[in-house]
Amino acid sequence: MRKYAQIICDMEERIQQGFWKPGDKLTSIRTLSADYNCSMNTVIKAYSELERKHRIYAVPNSGYYVVEGGSTGAVDNGNTSRIDFLSAGPDKEAMPYRDFQHCMNQAIERYQEEMFTYSEPQGLYSLRQQLARHLQDLQVFTVPERIWVVSGSQQALNLFVSLPFPNGRTNICLEQPTHMSFIQSVQHHDVEAYGIEVSGAGVDLERLEHIFAHHQIKFFYMVSRFHNPTGHSYTNEDKRRIVELARQYDVYIIEDDYMGDLDVNLKQDPLYAYEPSGRVIYVKSFSKVMLPGLRLGLAVLPEAMNESFRRAKFAADLHTPLLMQGALEIYLKSGMFQAHIQRMRELYRGKAILLQEAYKKHLPAVSALYSEALSGFYSTIELPRGIKAKELIQHLMQENVEVDEVEKMFLPAFAKDTMIRISVSQVREDLIEQGIRNIAEGIRGLCERKHEVVVFK
Ligand SMILES: Cc1ncc(COP(=O)(O)O)c(C=O)c1O
């Protein structure tokens, strides 16, 4: 574990165990940097993180003190801690409530009644200008006129399923598995859907070409980075190839880049960068990296679709709540979003590394296959033959470890009942390894019960 994360874990543990009580002064920065053999900057960074989590507070020219009634971040369940690999939202400790509250107040003051009347379906122009600027950081170059503010990215995805597209087709192609809300949209609209399996190695491009060539596909819906649930990210080469296929067979691509902000690899391009003229429709969410309850997202549309999307958006909810739009504009403009994202990148990258280390250590011994995710929240574990996800989930509940099943994230023809999803966002760094160890022990126990041979490496 890195020193920065180690200091945070140790301090939280000492506070939790009552070694330090509310109001106690913490060890000085100088002493702690000597104790951990690290720079004073590392200690300051760790203390700032604890301060942000409201565990400690700073008194200028004095030091850091333990907060009265600060929580530890572990989910308390009687005497034991629950390890929550189930919750799909962002780390609750890292959500920018206070900053956003400030932006909402500012939005009311600055725009006054404008925030509380009916408005234009496409979204506030001044917000779309900010969004166009922000998108440049993600290699998405566009103009406010092509950006649509939507009530969560799911709203745009759901509208696309039934919206007429310029290619005049209705069938869609989607990765298998994919997140449950999109599966529900497809089922709700009863459209013809062609699945393509996505694994750690990505999708089989020959199979994708076959689907494009033979099934009159309107669009291919795909998550380009940190896929939910597998954590998979496409290589630039694969992205380029998919765009070529889309051009060749007149297929649109819905690129869902819901966690693109978390990518530390600046060399990763979105598919949009290879085809910015409209064939790739770029969709972004503010839920996973910020606050899901705001219901804020965007879509970059080809101009030819502006009118049909306007009608569909108007019919769905007239427009996205203006107070949220105004506050997001101020949040972006003030630089708060950038600062928040920097912290989130470090946080989730750190958790992903700890998770992969725990997988390497514990899962090979029980022959369970895991997916590699370099950041984001999600990855999957494919269980050894004969073990069903439901059985493992039930067993783990007794151990206070919660995980999700992946079966509901498939179209019925593709469904697998032998996969679980691990979401690492809400699990404290120091509990990640213990949780994975419990899962490995659970798998081993079920294998033994079934008299299966367990391969030990
Ligand atoms: C990959 C992916 N895209 C989009 C969404 C929808 O997100 P929202 O509507 O909150 O922006 C989700 C939700 O879980 C998701 O996992």
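The values are calculated or read from the model by the stated rules, or taken from the named source; none is laboratory data. It should be emphasised that the depicted structure is a prediction, and the values quoted were computed from it without experimental measurement. Note: ideal-geometry Cβ built from the backbone for every residue, glycine included; neighbour counts use all protein chains shown. For the accessible areas, the whole protein counts, side chains as well, though only heavy atoms, and no ligand, DNA or RNA atoms are used. Shrake-Rupley method; radii C 1.70, N 1.55, O 1.52, S 1.80 Å.
For this structure, a couple of remarks:
- Pick from segment 138-181, criterion charged (D, E, K, R) and surrounded by fewer than 20 Cβ atoms within 10 Å (Cβ to Cβ), ranking: nearest to Val283 (Cα to Cα): Glu145
- Test for Ser181: is it small (Gly, Ala, Ser) and more than 16 Å from the ligand (Cβ to nearest atom): no
- Among the conditions (1) within 16 Å of the ligand (Cβ to nearest atom); (2) on the phi > 0 side of the Ramachandran plot, the only one that Gln139 does not satisfy is (1).
- Residues within segment 111-133 that are surrounded by fewer than 18 Cβ atoms within 10 Å (Cβ to Cβ) and over 20 Å from Asn306 (Cβ atoms), tallied: 6
- Filtered residues of segment 177-217 (kept if more than 22 Å from Tyr370 (Cα to Cα), part of a loop (DSSP other than H, G, I, E, B) and in contact (Cβ under 8 Å) with a residue 40 or more places away in the chain): His215, Gln216
- Evaluating Lys288 against the criteria (1) touching a Gly at 6+ places or on another chain (Cβ under 8 Å); (2) open to solvent by 20 Å² or more (accessible area, probe 1.4 Å); (3) not in a loop (DSSP other than H, G, I, E, B) leaves one unmet condition, (3).
- Checked against the criterion of being within 21 Å of Arg247 (Cβ to Cβ), open to solvent by 10 Å² or more (accessible area, probe 1.4 Å), touching a strand residue (DSSP E or B) at 6+ places or on another chain (Cβ under 6 Å) and in the same structural domain as Ile242 (by TED's automatic domain parsing), segment 185-193 has no qualifying residue.
- Meets criteria (within 19 Å of the chain's Cα centre (by Cα), within 25 Å of Leu266 (Cα to Cα) and polar (S, T, N, Q)) for Ser153: yes
- Boolean, Gly152 is more than 21 Å from Phe377 (Cα to Cα) and not basic (Lys, Arg): no
- Being out of contact with any Pro (no Cβ under 7 Å at 6 or more places or on another chain) and within 16 Å of the ligand (Cβ to nearest atom) is a condition met by at least one residue of segment 114-124.
- Taken over segment 270-290, the residue count meeting the criterion of being modelled with pLDDT of 95 or more and within 23 Å of Phe337 (Cα to Cα) is 9.
- Tally of residues being away from the ligand (no atom under 12 Å from the Cβ) and under 20 Å from Ser287 (Cβ atoms) across segment 253-263: 3
- In the set Ile436, Ile432, Ile422, only one residue is assigned to a strand (DSSP E or B) and open to solvent by less than 10 Å² (accessible area, probe 1.4 Å); that residue is Ile422.
- Which numbered condition Ser39 fails, given (1) at pLDDT below 85; (2) surrounded by fewer than 16 Cβ atoms within 10 Å (Cβ to Cβ): (1)
- Glu237 meets each of the listed conditions (1) in contact with a strand residue (DSSP E or B) (Cβ under 7 Å, 6 or more places away or on another chain); (2) under 21 Å from Glu206 (Cα atoms) apart from (1).
- Whichever residue in segment 373-419 is among the polar types (S, T, N, Q) and open to solvent by 60 Å² or more (accessible area, probe 1.4 Å) and, among such residues, is farthest from Ala193 (Cα to Cα): Gln398
- Unmet requirement for Ile432, which otherwise passes all of (1) out of contact with any Ser or Thr (no Cβ under 7 Å at 6 or more places or on another chain); (2) more than 18 Å from Ser81 (Cα to Cα); (3) among the β-branched types (Val, Ile, Thr): (2)
- Selected residue [more than 15 Å from the chain's Cα centre (by Cα), away from the ligand (no atom under 14 Å from the Cβ), at pLDDT below 95 and farther than 22 Å from Ile422 by Cβ] from Lys267, Lys239, Lys218: Lys267
- Unmet criterion (only one of (1) in the same structural domain as Thr117 (by TED's automatic domain parsing); (2) buried (at least 16 other Cβ atoms within 10 Å of the Cβ); (3) not in a loop (DSSP other than H, G, I, E, B)) for Arg310: (2)
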